[in-house]
Amino acid sequence: MARRSSVGAGGIPTQSVGTRCTLNTLKVSLQTNSILDPHKKPYENRPQNFKNLVGIVMLPSAIESIETIIVDLPTIRPHKLAMHTMQNQTLVIIRLRCADGIEGIGESTTIGGLSYGGESPDSIKTNIDQHFTPLLIGQDSNNINAAMLRLERSIKGNTFAKSGIETALLDALGKRLGLPVSELLGGRVRDALPVAWTLASGDTAKDIAEAEHMLDIRRHRIFKLKIGAGEVNRDLAHVIAIKKALGDRASVRVDVNQAWDEAVALRACRVLGDNGIDLIEQPISRNNRMGMARLNAISPVPIMADESIECVEDAFNVAREGAASVFALKIAKNGGPRAILRTAAIAEAAGIALYGGTMLEGGIGTLATAHACLTLNKLSWDTELFGPLLLTEDVINEKPVYRDFELHVSQAPGLGLSLDEERLAFFRRDKATTAIHQA
Ligand SMILES: [Mg+2]
């Protein structure tokens, strides 16, 4: 039960150490500290050591704690990419708890440890725990602009980690207001998103059988083939055989994950165009933007930028240089669901088409992207939000709904998801350590 507070120096209500009370709309905690410097803007007040804060006046929506949990989840099969074969998937789950008891959940997920980009699950956890959390404790979770600006001022890059935090903030706000994240982002113009499936066994006959099954059960009619790891002629023959088998019943696209050089890509783009392939994703290195521009100018098949866009500013430069005619939107690489809307605005202004991309997130990250994609004016190349379908287990109670070739997104508050505590406890990487500590 809350104790009555007294008024301390500077008019800030104080409490004896170890107690906390709610005073009207203010949550008053512990001792007095300089965190609430009246001469600073709210986001400039930085706790030096939040364990020893004194007399902090906290809003009900103030962030009280942030927990990061690494979970290792089994996948339905190995997933073969140009740079890595995934045997399972690791997610970093973020629990952002507020003073009023609202909990926002987020997810930061990478592909293949450090083989895709500069962040790994371990670095995401460490950086959020050590660098993000001290900046955010005590901040108003309702003010997402201020919270993200505060991070941006002190932390460069780390877009995967920032994306998980922004997702958790949006989820908390949505739950508090009773609104889905799509409405917080301006409102949805669709309720469902067509979803591509990646054929990544590397075996042509197996991939054709898998595609036929997906068409039969009406789950996917867009197929993306991961190529680039093998010899180019063999890769092209693999793709052409699959397109020939599926014909007009499906859209077939390729993702090269930067594996080709420009000369190989030039020839391959023509061959793929002659054989009915609809889209070529990141054929060459992200560093060769002029090469991407040359390919984009002459390829008969649209070129999509994926690795080329690691932040919103990259998107602007790719657009300015004509280095792609389609953008893959990924919350992890832009820094959150709101950040991909900034990239989408650049694309829209430049006449570049859009595609909802994935880092093979579980349900939380997938729904975070989906809510943002629901708000876009145009999403001409649909999405690849199939991450949850690649996992045999997840750590949420609500299974994402896939039917009639689309992912259907509910109007429930926030992301519309809650954590499955039992599964979370089972799959968390530190469970052995946690069990020992509890014992
Ligand atoms: Mg890609």
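Read-outs throughout are calculated quantities, based only on the coordinates presented, and are distinct from any laboratory measurement. Small disclaimer: the values here were computed from a predicted structure and weren't measured. Glycine gets a Cβ as well: all are built from the backbone with ideal geometry, and neighbour counts include every protein chain shown.
Residue by residue, the stretch 310-317 carries 3J(HN,Hα) couplings of 10, 6, 4, 5, 4, 4, 4, 5 Hz when phi is fed to the Karplus relation 6.51 cos²θ - 1.76 cosθ + 1.60 (θ = phi - 60°); x denotes Gly or Pro. From the square roots a ≥ b ≥ c of the eigenvalues of the alpha-carbon gyration tensor of the stretch 141-257, which class results: rounded (a/c under 1.5), prolate (a/b over b/c), or oblate? Because a/c hits 1.5 or more and a/b fails to exceed b/c, the stretch 141-257 counts as oblate. With K and R counted +1 and D and E -1, the other residues having a Cβ less than 11 Å from that of ILE364 yield a net charge of -4.
Output the pairs from LYS206/LYS378; LYS156/LYS206; LYS243/LYS378; LYS125/LYS399; LYS156/LYS243; LYS162/LYS399 with a Cα-Cα distance over 32 Å in this structure; if there are none, say none. Table pairs above 32 Å Cα-Cα are LYS206/LYS378; LYS156/LYS206; LYS156/LYS243. Loop-located GluC sites (Glu not before Pro) across the stretch 185-293 with a Cβ neighbour count of 11 or fewer within 10 Å are GLU231, with loop assigned by DSSP. Residues in the stretch 182-193 carry Karplus couplings, in order, of 4, 6, 5, 8, x, x, 8, 10, 7, 10, 9, 10 Hz; the curve used is 6.51 cos²θ - 1.76 cosθ + 1.60 with θ = phi - 60°, and Gly or Pro positions show x.
With R₀ fixed at 35 Å, the C-beta to C-beta distance from ASP203 to GLU321 puts the FRET efficiency at about 0.40. The stretch 131-147 and the stretch 330-384 have their alpha-carbon centroids 24 Å apart. What shape does the stretch 184-414 take by its C-alpha gyration tensor, where a ≥ b ≥ c are the square roots of the eigenvalues and a/c under 1.5 counts as rounded, a/b above b/c as prolate, and the rest as oblate? It is oblate, given that a/c is not under 1.5 and a/b is not larger than b/c. With K and R counted +1 and D and E -1, the other residues having a Cβ less than 13 Å from that of VAL254 yield a net charge of -3. Peptides 324-331, 312-319, 222-229, 186-193 ranked from most to least packed give 324-331, 222-229, 312-319, 186-193, packing being the mean of other C-beta atoms within 10 angstrom over each peptide's residues. If the chain linking ARG218 and MET290 were pulled fully straight, counting 0.36 nm for each residue of separation and taking away their Cα-Cα distance, it would gain 21.9 nm.
Once backbone amide H atoms are built at 1.01 Å from N, ILE396 has ASP420 as its partners under 5 Å, excluding neighbours fewer than 5 places away on the same chain.
Length available on full extension from ALA349 to GLU231: 0.36 nm per residue minus the Cα-Cα distance, which gives 38.7 nm.
Of the peptides 132-144, 233-245, the order by per-residue mean of other Cβ atoms within 10 Å, starting with the highest, comes out as 132-144, 233-245. Near ILE217: Cβ cut-off under 12 Å, other residues only, Lys/Arg at +1 and Asp/Glu at -1. The net charge is 0. Highest average first, the peptides 284-293, 380-389 ordered by how many other beta carbon atoms sit within 10 Å of their residues are 380-389, 284-293. Amide H contacts of SER141: ALA62, ILE63, each under 5 Å away and 5 or more positions distant or on a separate chain (H built 1.01 Å from N in the peptide plane; Pro and chain starts excluded).
For LEU407, the residues whose amide H sits under 5 Å from its own are LEU193, VAL195, ignoring neighbours fewer than 5 places away on the same chain, with H placed 1.01 Å from N.
In order along the stretch 137-154, the Karplus-derived 3J(HN,Hα) couplings, from 6.51 cos²θ - 1.76 cosθ + 1.60 at θ = phi - 60°, round to 4, x, 6, 7, 5, 5, 9, 5, 4, 5, 5, 6, 5, 4, 5, 4, 5, 10 Hz, and Gly and Pro are given as x.
For LYS333, a cut-off of 12 angstrom between C-alpha atoms picks up these aspartates and glutamates, skipping any fewer than 8 places away in its own chain: GLU119, ASP306, GLU307, GLU310, GLU313, ASP314.
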